[in-house]
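J.: Please see the structure below; I have some questions.
Every read-out reported here was derived from the displayed coordinates using simple, explicitly stated rules and does not represent laboratory data. What you are looking at is a predicted structure, and each value in this text was computed from that prediction instead of being measured. Glycine also receives a Cβ, built like all others from the backbone with ideal geometry; neighbour counts cover every protein chain displayed.
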Amino acid sequence: MRIFHLAARLLLHGSAVWARAQTTYPAPEPRRGSGETIVKELGPLLSDGAAVLLPSSPAAAPLLERGAGPRISPDYVAIVEVATEGDVQETIRYANQHETPFLAVSGAHGWLSTLNRVRAGIQISMRRMNHTRLRPDGKTASVGGGIMQADVTAALFEHGKQAVTGVCECVSVIGPLLGGGHSWLQSRHGFAADNLISARVVLADGSAVDVSADRNGDLFWALRGAGHNLGIVTSFDVKTYQARDPWTLRTLYFTRDKIEALFDRWNEVRDGNEVHGVTIAVMARDDSLDSNHPIIKLQIIYTRADKITMENYAAAFRKLEPVAESSAENIPYNKLYEEAGYGLDSPVCLTDVNGASFPESLHRWDPAAARNAFDLFSDLTADKAFAGSVMLLEWYGNRGVRAVPEGENAVAPEERRRDILLSPYLTWAGDDPGHLAKATAYGNRIREAFRSRSEPPHAYLNYASGNEELRQVYGRDESRIAKLKDVKRAYDPHNRFGFYMPIR
């Protein structure tokens with residue numbers, strides 16, 4: 001049936017798809033072209049608002065900063081700051097003609113090791129494509145493919161609106177969405193991917209198509225959950241919602257003697273409670289509370305509409321006697337990220353600091369496993385080189401996520417079923433290979449400590465390290481993997497978009 005469906009689609013949509021499937025761009029080994037040549041040849045083909053830069057140019061420096069560099073360091077011979085969809089098309093066509101790899105970049109916070117496969121390539125910087133336009137109905141917005149989360153949040157909030165986006169202000173809107181997109185709002189409205197209505201996408205041959213439930217439906221399905229593999233989104237429409245209620249943030253601090261009790265309590269309050277709030281714990285060093293070991297900072301975040309339920313929820317944790325507590329109330333949505341510690345100037349938004357993630361998605365906490373993982377993390381961060389590392393323990397709620405049928409899009413079913421996100425995010429400075437080896441060894445041990453023995457491993461795609469199997473991030477249903485591969489072959493037969501957890 002799958003083969004028949006693909007064959008029928010080729011017949012129905014005829015020449016465009018057939019042309020894509022037959023066009024060849026042999027680039028098994030990238031050629032190291034001259035950046036000066038690219039500036040000279042490609043520049044005149046672009047719009048007046050575009051620019052082509054050499055990596056050595058002072059103007060290129062901000063475009064080369066990465067959230068996890070230098071561990072993640074794609075290699076470029078030129079950077080193209082595109083301003084229009086046509087600029088993206090011309091750049092891809094030029095790159096194909098010259099057998100040069102390319103990578104679209106917006107927030108530059110992806111940390112998969114597969115990004116390092118870009119060698120002697122062209123960076124397509126999307127940041128000038130950053131519009132936000134609320135549609136007349138007030139229920140949807142058109143968003144540029146390079147816009148940052150902070151910008152879209154501010155623009156929509158001016159109209160009393162909000163959209164389902166990621167949790168850090170410094171990341172793009174489209175990047176997390178293409179891999180699913182956990183959010184403050186997911187307990188009500190689902191993943192960011194569930195809120196995509198339509199998109200304009202430039203494909204591997206440089207053509208541009210409309211993508212929605214009614215147009216190129218197979219691509220629309222795959223774009224929402226595996227979209228990094230399939231094209232460059234130049235603009236897209238998302239659902240918007242009223243942003244009336246202010247938010248409350250309760251922060252409780254616990255020392256290591258409360259670990260088992262804390263995770264037991266977390267399981268208890270989750271069981272049978274479908275709440276709309278968010279609970280995030282962060283293990284990190286804080287010498288003011290414990291000079292010898294990390295502490296656990298527990299954040300409980302909710303709107304006024306959920307106050308009674310979430311105050312009871314917070315009270316259950318408060319009975320464990322935290323060593324410190326703080327509160328902030330009446331926080332408008334556009335200030336929530338900064339208040340919670342995920343704003344533009346927060347540690348999570350630092351650039352040019354090595355970072356490596358070792359994620360696992362879980363059904364429940366295992367308190368004994370949490371103890372083992374904490375001890376490993378404490379041992380690692382006793383080394384000053386890794387003292388700035390954190391362990392993220394996240395629960396964003398599941399009601400809205402589970403309300404969306406698992407077959408609706410390419411977000412892995414496991415990501416809908418497993419409510420908890422674990423991610424040791426280990427950071428260090430410099431390029432000492434010994435530090436990378438140590439981070440990798442500890443990161444894998446921490447993940448293994450938390451990993452369930454009763455179910456196969458699963459990792460959230462946007463947190464993945466790059467060494468996971470396809471089924472660990474895209475789902476274990478073989479028919480879904482086969483469907484993704486069919487779509488990949490139809491729209492990107494030569495794997496030009498093959499640098500972000502490639503589907504092969």
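J.: Compute the projected area of the convex hull of the Cα atoms of the stretch 247-469, averaged over all viewing directions, and report it in nm² to one decimal place. Can you show the working numbers first?
T.: Working: hull surface 51.5 nm².
Its average projected convex-hull area is 12.9 nm².
J.: Only Lys, Arg, Asp and Glu count, each charged at its Cβ (+1, +1, -1, -1), so figure out the dipole size of the chain about its Cα centre, rounded to 20 debye.
T.: On the way: 57 positive and 61 negative charges, 216 e Å.
With Lys and Arg at +1 and Asp and Glu at -1, about 1040 debye.
J.: Also, quick follow-up: Near the amide H of Val105, under 5 Å away, which other amide H atoms are found, from residues 5 or more places off or on another chain, if H is placed in the peptide plane?
T.: Amide H neighbours of Val105: Ile124, Ser125, Met126.
J.: Further question: Check the cysteines of the chain one by one and keep only those with no other cysteine Cβ under 4.7 Å from their own.
T.: Cys168
J.: Hey, if you put +1 on the Cβ of every Lys and Arg and -1 on every Asp and Glu Cβ in the stretch 253-343, which of Phe263, Leu289, Ser327 ends up farthest toward the positive end of that dipole?
T.: The residue sitting most towards the positive pole is Ser327.
J.: Taking θ = phi - 60°, what integer Hz values does the Karplus form 6.51 cos²θ - 1.76 cosθ + 1.60 yield along the stretch 331-339, in sequence order, with x for Gly and Pro?
T.: Once rounded to whole Hz, the list reads 8, x, 4, 6, 10, 5, 4, 5, 5.
J.: For helix 433-450, report the angle its Cα long axis makes with the longest principal axis of the Cα atoms of the chain; keep it between 0 and 90° and round to the nearest 10°.
T.: 60 degrees
J.: Can I ask one more? Under the classification rounded if a/c is under 1.5, otherwise prolate if a/b is larger than b/c and oblate if not, where does the stretch 423-478 fall, given a ≥ b ≥ c as square roots of the Cα gyration tensor eigenvalues?
T.: prolate
J.: Could you give the angle, 0 to 90 degrees to the nearest 10, between helix 2-22's Cα long axis and the longest principal axis of the Cα atoms of the chain?
T.: That helix lies at roughly 50 degrees to the long axis.
J.: What's the magnitude of the charge dipole for the stretch 247-469 around its Cα centre, counting Lys and Arg as +1 and Asp and Glu as -1 at the beta-carbon? Answer in Debye, nearest 20. Display every interim value, and only then the final one.
T.: Details: 25 positive and 35 negative charges, 91 e Å.
Dipole of the stretch 247-469, to the nearest 20 debye: 440 debye.
J.: Residues with amide H under 5 Å of Ser198's amide H, sequence separation 5 or more or different chain, H placed in the peptide plane at 1.01 Å from N; which?
T.: Long-range HN contacts for Ser198: Asp237.
J.: Before anything else, pin down the relative contact order of the chain: Cα pairs under 8 Å, at least 6 apart, normalised by residue count, whole percent.
T.: The value is 17 percent.
J.: Give me the Kirkwood hydrodynamic radius of the chain in Å, from all C-alpha pairs, to one decimal place?
T.: Values: mean 1/r = 0.0426 Å⁻¹.
So the Kirkwood estimate lands at 23.4 Å.
J.: Please turn the phi angles of the stretch 409-425 into ³J(HN,Hα) values with the Karplus equation 6.51 cos²θ - 1.76 cosθ + 1.60 (θ = phi - 60°), one per residue in order, whole Hz, x for glycine and proline.
T.: Working through the residues one at a time gives 8, 8, 4, 4, x, 4, 6, 7, 7, 9, 7, 9, 10, 10, 8, x, 10 Hz.
J.: Provide the per-residue ³J(HN,Hα) series for the stretch 357-374, in order, calculated from phi with Karplus coefficients 6.51, -1.76, 1.60 and θ = phi - 60°, each as a whole number of Hz, with x at glycine and proline positions.
T.: Taking θ as phi minus 60°, the curve returns 10, 9, x, 8, 9, 10, 7, 9, 7, 9, x, 5, 5, 4, 4, 4, 5, 4 Hz for the stretch 357-374.
J.: Let me ask something else. Quick check on my link table: of Lys335/Lys438; Lys297/Lys438; Lys239/Lys307; Lys40/Lys488, which ones sit more than 30 Å apart, alpha carbon to alpha carbon?
T.: Lys335/Lys438; Lys40/Lys488
J.: Okay, moving on. If you place +1 on the Cβ of every Lys and Arg and -1 on the Cβ of every Asp and Glu, how big does the dipole about the Cα centre of the stretch 217-337 come out, in debye to the nearest 20? Kindly include the intermediate steps, with their values, before the conclusion.
T.: Numbers: 15 positive and 17 negative charges, 60 e Å.
In debye, rounded to 20, the stretch 217-337 gives about 280.
J.: While we're looking at this one, here's another question. Between the stretch 131-147 and the stretch 353-394, how far is it from one alpha carbon centroid to the other, in angstrom?
T.: 38 Å
J.: Given the C-alpha centroids of the stretch 177-244 and the stretch 59-74, what is the distance between them in whole angstrom?
T.: 26 Å
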